[in-house]
Structure formats: structure tokens, C-alpha cells
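Each remark here refers to the structure printed beneath this line.
The values are calculated or read from the model by the stated rules, or taken from the named source; none is laboratory data. Every value quoted in this text rests on a predicted model; they were computed, and no experiment measured them. Heads up, the Cβs are rebuilt from the backbone with ideal geometry, glycines too, and the neighbour counts pull from every protein chain shown.
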There are 2 protein chains.
Amino acid sequence: MVEMLEILGQNAREAEGAMRTLATDKKNQVLLKIARRLKERTDILLEANAADVEKGRKNGMPEGIVDRLMLTPERIRGMAEGLEQVAALEDPIGEVTGMKKRPNGLLIGQKRVPLGVVGIIYEARPNVTADAFGLCFKTGNVVILKGGSDAIRSNTAIVDCIRETLRESEVPENAIQLITDTSRETASAFMKLNRYVDVLIPRGGRGLIQAVVNQSTIPVIETGTGNCHIYVDESADLSMAADIVMNAKTQRVGVCNACESLLVHEKVKDAFLPVLAKRLFEKNVEIRADEAAASVIPGAVPATEEDWGTEYLDYIISVKVVGSVQEAIDHINRYNTGHSEAIITDNYTNAQKFLDEVDAAAVYVNASTRFTDGFEFGYGAEIGISTQKLHARGPMGLLALTTTKYIIYGNGQVRG
Amino acid sequence: MVEMLEILGQNAREAEGAMRTLATDKKNQVLLKIARRLKERTDILLEANAADVEKGRKNGMPEGIVDRLMLTPERIRGMAEGLEQVAALEDPIGEVTGMKKRPNGLLIGQKRVPLGVVGIIYEARPNVTADAFGLCFKTGNVVILKGGSDAIRSNTAIVDCIRETLRESEVPENAIQLITDTSRETASAFMKLNRYVDVLIPRGGRGLIQAVVNQSTIPVIETGTGNCHIYVDESADLSMAADIVMNAKTQRVGVCNACESLLVHEKVKDAFLPVLAKRLFEKNVEIRADEAAASVIPGAVPATEEDWGTEYLDYIISVKVVGSVQEAIDHINRYNTGHSEAIITDNYTNAQKFLDEVDAAAVYVNASTRFTDGFEFGYGAEIGISTQKLHARGPMGLLALTTTKYIIYGNGQVRG
């Protein structure tokens, strides 16, 4: 098993050189060819996926997970379209910025280059296989994928399709490799493959991400969890505030940029909360309120300390009344997960204070937290939403899969 | 012990809010005040340091380490001047870049902000205490320091001086905290303090850095080790090549950007190596050569496989003859540590190929690897040289101690 990872690692490093210098035209042609082939292979992919689904159901997989695992002709078309969109994006690799002449005549600049070998650990979502490959390939990276065991047949069929196209295109097929041994031991060993893997990106639920953060010795980009707040200030347009809360809470509940907790200034609680609660109850949202909020929301459940730190990913919202924007900021900085936070206000000072002092990847004034997303931000693609502070913060597009190296032109300079 | 770290962590998070919004003028005033006080306290600092040095010598500390540990009036002046220089640098915090209007009217930009709480683990070099604090403070970060046990009295005296000035200036004194329990258990627990520490930067030898990389669950910026190569191409100006090799190998041997290995094109080995070897031997440099190189260097020691991967940090150089620039690139990408690599050539294609294909933080044409340094690159400061690819690569100045957050101005946008 460890030997298998060693071989995979060596294969990846061998493919790295060719990927580093692959021309943009060539990368785009290959991406389009793979998109075409995925569509042509729809029947084969569906067959492999049906076997995964059948096995999953037999093992009692919940229907929510089955839904994520399942491929349909439409979803396969979606994967292909994703690759076509990535082909259409500008290639960030090779750009040189900040080239400046030093007093000693050295010309120093930073060139954008691939990260090298990217490891991706994910759960039973076969679409991640094609998506992650597309973004890594476009940025000249080699990728090693470790998908969930429940999707092994689907992933293998997708990867076969990609590798076949790479081979035909005379690009190293090891630009993508799939770890097919889905044991926990292999996963752990993979997370310590520092010699061969430059960065590890976990994609999935909180448990998976925590496991990778705790075990990996490879640099990790942490993605995902979002305990997002909306603070309704005393000067807020209350009708706008209600529309934004409804959108952020109910437009899609299972996503990381959905609103999980509402803070309301005490001066507007009477005017705002009963009206909002009515709309939330209509959508079957459970309200867990502190005492002050509960006093104006008949039907609210009492909130406990645990609620303030919980990402529900469900039709539940916690509500707390605060005395000032400062109290709101302090509460958010204590309980949030560094994802997305919003203030609804018409007060200039409070808006700027909130933007300055809330510590999160994305801080909004008068808009829904649901916009934190690579496509909404205009990146045309997304490999995840980083909730850590190193390297990338917030929605990660192609740039997040690159690094820079200094290139220095001299004419004989030595250090004195 | 773990409770102590918990308290330190809470203190740091409490100081974070005030540091996040501290005005540049105030930060600069405080840095200058600390510089003045360090100079005024020279006697007290020397006394504390003398006790560390005495204990070190009694415990058989090698003189090289004693030299790094020892403070002198000149070195204390140097620490103070370092803080004055940091005060004079531009403050990167608060800049907003890339502010763009999306089709739905949202105005999205990225604001440069502090990382938050920075942990620094280092060895017995008291100057790191003031240097690291200065850079972190200027960038609005809170710092927790864990210095080597051999420098505990010196570090405590320096930190006392800083905290006293912070208190007087009405800045939270917990902007700097020193872990005075120097046990290995405390170090390990510190590396897992994810709740309170945003990034960990180890500064020191290979052993320390590896220990941190392997144990830490906090994101780490790996710094330091440099197995740097110089490749002398067939078209090189051989006199320039010899000057550059001599500089990169002998100007200072114990540093990470010194040259450890020389690759020479076979067509110039006869003309180049005997002349260079004479100059290296004059400086008492041991030459460990492969067979082809040894055949023209009387007095060379045979190189083993181990030599290619070794960072000597000493008067030793490995030498290998290669048949092409491709062979040089492949060798470097196999054995280097991602630090600094140079080609000496007058061939345009080979120069560009080397810049493109060598995987390292800094790649040079016709210059000494010794320039990889924050001051030489014009950053006016350096917290270390990153040899990893995430977040920062190469010399890290103030920017490396910052991150960004998205700020979004809306007027009621919800997601459809």
C-alpha cells in the first residue's frame, strides 16, 4: 500500500516537468477533447455509477448522499460543460509581475507557476473528479485524487476516460492519478506524502476536513465550514433586511454560505422580528432565540450556548438581540468560522466598522451571504472556499492553484 | 502547562481586535519607543544574556551556538535599528485592491489585513525576539514567541522591555507574549493550538523546521533549508562563472542561500574546473566530485549519492559533470530543496529554459545565489525565506505576514 503511494508519487513528479511547460493552446484542446469524450461515454459512466449507487443503497446509504453520488445524463453534460468553461478561462501561468531593477543591476520579477502536485481528498461526489482535474490541468498542475470508496467505480470510469485522452494527446497520463485503495490507512499515508505532494485540498464535510487538518503534514488548504451571521443594525432598512435574511437562510440550506445566525439590534427587535419570524415559519424554519428575541417571537425555541457555534445546514436559525454594533462584532468574532458575515445598515460609521473589524473571508454590507462563491465573484470556476488565512482566503479560482517563483536576470553580480 | 497555553491563546485573541485597527502612526511611534528603550536598557539586557551564556558554556554549548546566543552593545544597537527600519517601511495593512462592480451591482474588493495571531518557534538567537515582534507589530499581528531554553533570560528581558512600552503606549501588552516554559511537551501543545494561532513560523535549523512541519496542525510557513546549485553551461563566461561560484560558496558558508553543489557542462570541464578548484582550495574548500570532475581536479574527494542531497553549510562543495542543460535541470529538480538555483550561460534558449523549468523559490541567470534575501530584494525586512509553495515563496517581507479579506458593498442584493 505504502509502496503503491510511493509509485504514484514518483509518477506524479515525472509528469510534473511536462505539465509545467505545457502550452495554453494544448491544455485547452485537451480539456475540450475530454469534455467531448465524457459525453460520448455517457452510457459507460452511468453503468459504473449505477453499480456504486446499488451498492450504496444496499449498505443503507442515506438518500441525501445517494443523490450526491448519482450521475444522470444531465449531470455528465454538466461535468463536460465545466471543462469547456475552464478551457475558456484565461491561463494564469507564465505571467511575470513586479519586474524591477535593483541598484546593483539585478532584474528581479515574480513569475506565476503551477503549485506542482495537488492532492485532493473528497467524498462520494463523482463530479469533483472531473471538476478538480480541469482546474488543476488548466493551471499546469498534476493531480492525485482520493475519492470516497462509495464512488470508486464512477471515479475510475471518469479517470479512465481522462487518461485515455491524455495518452492520445501525448500528454503524460499521470497528470491525473486516482488512489483506488480506499482504506483509511492509505488515506493517512497519503496525507504524509510530503516528498511528492505540494498541497492537499480536502473537499467535503466538517469531519473530513478536520481529519485532514489534524493528520496531514503536507500544507493543507482548509475549505468549507460556514457559521455565517447577519447583523441587522438599528438603522437598517427592515424590509431589505428581511429579504436578505430569507434569501441567506432559505434559498439553499445545505451550503456553507447560508446564514445560520441572526443578530438584531435591540432598538429594532420589536419592529423586525415578528414580521421576519412569520416569513421564516412559513418556510418551516425553526427559530432558536435568546430570551430577548423569544419575547417577541411566539413559537421560538430557547437557544443554548451550543447554538451560537453551530452550522446547522438545515431549516434552523439562531437569533440573538444585541445592544450595539460592537456587541455584534464581538459575538461574530467569537463564534464564526471565518466564512461570510453581513451587516444590514444605513449607518456609514457602523458599515465601515463592521467591514474593518469582522474577521472573515467575506464581509458584506446590505447583501446576502449567499454570494460567496467563485462564479458569483467572477472567477468562472471554483476549487473551494478557503476559510483559512494562508495562501488563499474566500472563493478560490484558478489563481489559488498557482504559486510564484522569483526569476532574476544578472550579468555577473556577486554579493559584497 | 496546557492551561497556561490556553490563557496565552485567550490573551492573544483579546489583543487581536485592538491590533487589527491600530493606526500606522501609532504603530511607528511605539516601534521607535521600543528601539530607544532597548538601547537604554543595554546593561540589563547584557546582564540577562551573560547568565544565559554562562549556563550555556557550563552545559558544553558549542562556541558557534554561543556566538549566536551572545548579545553585545553593538548587537543590541542592531536590534534597535532593525525596529527603526521597520517603522520607516510602508504599512501594507488596509490597502484595498481589485475593487470591481459585478453585473448585479455588488462592489467586491480585497482588503489587506493582518494574519491575526502569529506563532514563532526559534532557537537560541535573542535578536529574533525583537526582529519578529517588529515585523508582526507593524503588520497588526499579535505574536506568541517560543524561543530556545538556552536564551530564556535574554528573551524575557527583551520581551519585558517591549511589553512595558506597549503598556505605557496604551496598546495591549499581549500583542507580544513569550512562552517561558521551554519543555518539549509545551512546544508540542503549542503546535496544536489551532483555536488561537493562525500561522506558525519556525526559524532555525533543519531539525526544528522538520519537527514543526511534522507535528503542527496549525498552518506552517516552512523556511530555511537550501541545497542551492550553480550550473555552468557550455557557453558560460568562465571567468564570471568562477567569480560567482567563489562568491556563492565562500562569502558566507553557514547560510541557506550559499552554493552547495556545482554542475558543469562536460564541454567546459577541462577549461573551468582546474582553475576554479585552485581558487576553492586556496579558501580551504573541500571538493567532492563525481568521476568525470575528479579526473580534472587532483585533490578532489569522490562524491557519493548522499552528497547530491546534502546542505553542507560548510567549506565543502559537491561537483558533477553533466552532458546538457536538461541533465542539469533534472538533477536540480531531483535534489534541490526549492531555495535558490543559478545558471551561468550566454545562451538565450538555455537561460530561458532554466528559468522556466527549474522548480525553486528563486532562479538566477548569471548571478550569485547569495542574493536571495529580503533586504537584497528590496523589502527592507525579512521574516524568513519560504521554501514552500503556499502563501509565500522566497524572501518574506511584511506582505507575507498579511492576508486579505473580501469586502462587499451591496444595496439589498439577494441570490436568485
Per the filter on segment B:91-128, residues aliphatic (A, V, I, L, M) and more than 13 Å from every other protein chain (Cβ to nearest Cβ) are B:Ile120, B:Ile121, B:Ala124, B:Val128
Given the options A:Gly384, A:Gly410, A:Gly394, name the one that is within 30 Å of B:Gly394 (Cα to Cα), of a type outside the set (Phe, Trp, Tyr) and surrounded by fewer than 23 Cβ atoms within 10 Å (Cβ to Cβ). A:Gly410
For residues that are among the polar types (S, T, N, Q) and crowded, with 24+ Cβ neighbours inside 10 Å, scanning just segment A:143-158, find the one that is nearest to the other protein chains (Cβ to nearest Cβ). A:Asn155
Among what's in segment A:293-324 and is among the hydrophobic types (A, V, I, L, M, F, W, C) and touching a His at 6+ places or on another chain (Cβ under 8 Å), pick the residue that is surrounded by the fewest Cβ atoms within 10 Å (Cβ to Cβ). A:Trp308
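Residues that are within 23 Å of the chain's Cα centre (by Cα) and under 21 Å from A:Ile407 (Cβ atoms): list the strands (runs of 3 or more DSSP E) wholly contained in segment B:270-347 that include at least 3 such residues.
Numbers: elements: B:286-289, B:316-322, B:340-344.
Where strands (runs of 3 or more DSSP E) fall fully within segment B:270-347 and carry at least 3 residues being within 23 Å of the chain's Cα centre (by Cα) and under 21 Å from A:Ile407 (Cβ atoms), they are B:340-344.
Of a type in the set (Asp, Glu), in contact (Cβ under 8 Å) with a residue 12 or more places away in the chain and surrounded by fewer than 18 Cβ atoms within 10 Å (Cβ to Cβ) - does that describe any residue in segment B:280-292? So that I can check it myself, show each step before the final result.
Of segment B:280-292, the ones of a type in the set (Asp, Glu) are B:282, B:286, B:290-291.
This time we only want the ones that are in contact (Cβ under 8 Å) with a residue 12 or more places away in the chain, so: B:286, B:290.
So of that shortlist, the ones also surrounded by fewer than 18 Cβ atoms within 10 Å (Cβ to Cβ) come out as B:286.
The answer is yes, given that some residue of segment B:280-292 is of a type in the set (Asp, Glu), in contact (Cβ under 8 Å) with a residue 12 or more places away in the chain and surrounded by fewer than 18 Cβ atoms within 10 Å (Cβ to Cβ).
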Out of the residues in segment B:181-198 that are within 14 Å of B:Asn11 (Cβ to Cβ) and either of a type outside the set (Phe, Trp, Tyr) or out of contact with any strand residue (DSSP E or B) (no Cβ under 7 Å at 6 or more places or on another chain) (or both), which is farthest from the other protein chains (Cβ to nearest Cβ)? B:Leu193
Of everything in segment B:115-134 that's under 17 Å from B:Arg36 (Cα atoms) and touching a Gly at 6+ places or on another chain (Cβ under 8 Å), which residue is surrounded by the most Cβ atoms within 10 Å (Cβ to Cβ)? B:Gly134
Those residues of segment B:350-361 that are under 16 Å from B:Ser261 (Cβ atoms) and either outside any helix (DSSP H, G or I) or among the aliphatic types (A, V, I, L, M) (or both) come to a total of 3
Test B:Glu16 against the stated conditions and say whether it is among the acidic types (Asp, Glu) and over 16 Å from B:Val171 (Cβ atoms). no
Looking at (1) facing chain A (nearest Cβ under 7 Å); (2) hydroxyl-bearing (Ser, Thr, Tyr); (3) under 24 Å from B:Val199 (Cα atoms), find the lone condition where B:Thr372 falls short. (1)
Scanning segment A:193-215 residue by residue, those within 25 Å of B:Gly338 (Cβ to Cβ) and either in contact with a Leu (Cβ under 8 Å, 6 or more places away or on another chain) or surrounded by 15 or more Cβ atoms within 10 Å (Cβ to Cβ) (or both) turn out to be A:Leu193, A:Asn194, A:Tyr196, A:Val197, A:Asp198, A:Val199, A:Leu200, A:Ile201, A:Pro202, A:Val212, A:Val213, A:Gln215
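Among the helices (runs of 4 or more DSSP H) confined wholly to segment B:36-138, which include 1 or more residues that are without any contact (Cβ under 8 Å) to a residue 24 or more places away in the chain and either of a type in the set (Lys, Arg) or closer than 23 Å to B:Asp181 by Cβ (or both)? Can you show your working first?
Details: elements: B:42-58, B:63-69, B:73-88, B:126-138.
In segment B:36-138, B:42-58 are the helices (runs of 4 or more DSSP H) which contain 1 or more residues that are without any contact (Cβ under 8 Å) to a residue 24 or more places away in the chain and either of a type in the set (Lys, Arg) or closer than 23 Å to B:Asp181 by Cβ (or both).
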I'm told B:Asn347 meets every condition in (1) within 30 Å of B:Ile297 (Cα to Cα); (2) at the interface with chain A (Cβ under 7 Å from one of its Cβ atoms); (3) touching a residue at least 40 places away in the same chain (Cβ under 8 Å); (4) not aromatic (Phe, Trp, Tyr) except one. Can you identify the failing condition by its number? (2)
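Just for segment B:13-23: of the residues that are over 25 Å from the mean Cα position of the chain (by Cα) and part of a helix (DSSP H, G or I), which one is farthest from the other protein chains (Cβ to nearest Cβ)? Don't jump to the end; show me each part of the working.
If we filter segment B:13-23 for residues that are over 25 Å from the mean Cα position of the chain (by Cα), which is where we start, we get B:13-15, B:17-18, B:21-23.
Adding the requirement that they be part of a helix (DSSP H, G or I) leaves B:13-15, B:17-18.
On the way: B:Arg13: 8, B:Glu14: 10, B:Ala15: 13, B:Gly17: 7, B:Ala18: 10 Å.
Among those that are over 25 Å from the mean Cα position of the chain (by Cα) and part of a helix (DSSP H, G or I), it is B:Ala15.
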Looking at segment A:129-142, is at least one residue of a type in the set (Asp, Glu) and either out of contact with any helix residue (DSSP H, G or I) (no Cβ under 6 Å at 6 or more places or on another chain) or within 14 Å of chain B (Cβ to nearest Cβ) (or both)? no
So for segment B:354-366 (the condition being farther than 27 Å from B:Gly140 by Cβ, crowded, with 18+ Cβ neighbours inside 10 Å, modelled with pLDDT of 95 or more and more than 9 Å from every other protein chain (Cβ to nearest Cβ)), does at least one residue qualify? yes
Residues of segment A:215-228 being touching a residue at least 40 places away in the same chain (Cβ under 8 Å) and either out of contact with any strand residue (DSSP E or B) (no Cβ under 9 Å at 6 or more places or on another chain) or within 16 Å of B:Gly412 (Cα to Cα) (or both), in sequence order, are A:Thr225
Any residue at all in segment A:177-200 that's within 26 Å of A:Gly56 (Cα to Cα) and in a strand (DSSP E or B)? yes
Among the candidates A:Lys269, A:Lys278, which residue alone is touching a strand residue (DSSP E or B) at 6+ places or on another chain (Cβ under 9 Å) and of a type in the set (Lys, Arg)? A:Lys269
Please indicate, with yes or no, whether at least one residue in segment A:236-251 is closer than 26 Å to A:Val363 by Cβ and away from every other protein chain (no Cβ under 14 Å). no
What are the residues in segment A:375-412 that are within 19 Å of A:Lys111 (Cβ to Cβ), at the interface with another protein chain (Cβ under 8 Å from one of its Cβ atoms), part of a strand (DSSP E or B) and not basic (Lys, Arg), if any? A:Thr403, A:Thr404, A:Tyr406, A:Ile407, A:Ile408, A:Tyr409, A:Gly410
Could you tell me whether A:Arg112 is of a type in the set (Lys, Arg) and either buried (at least 19 other Cβ atoms within 10 Å of the Cβ) or over 20 Å from the mean Cα position of the chain (by Cα) (or both)? yes
I'd like the full set of residues that are at pLDDT below 95 and crowded, with 20+ Cβ neighbours inside 10 Å, limited to segment A:21-34. none
Please state which one of A:Thr404, A:Thr387, A:Thr369 is closer than 23 Å to B:Gly338 by Cα, in contact (Cβ under 8 Å) with a residue 40 or more places away in the chain and hydroxyl-bearing (Ser, Thr, Tyr). A:Thr404
Within segment B:228-256, restricting attention to residues that are part of a loop (DSSP other than H, G, I, E, B) and surrounded by 23 or more Cβ atoms within 10 Å (Cβ to Cβ), which residue is modelled with the lowest pLDDT? B:Cys256
Criterion violated by A:Gln10 - all others in (1) of a type outside the set (D, E, K, R); (2) surrounded by 15 or more Cβ atoms within 10 Å (Cβ to Cβ); (3) outside any strand (DSSP E or B) satisfied: (2)
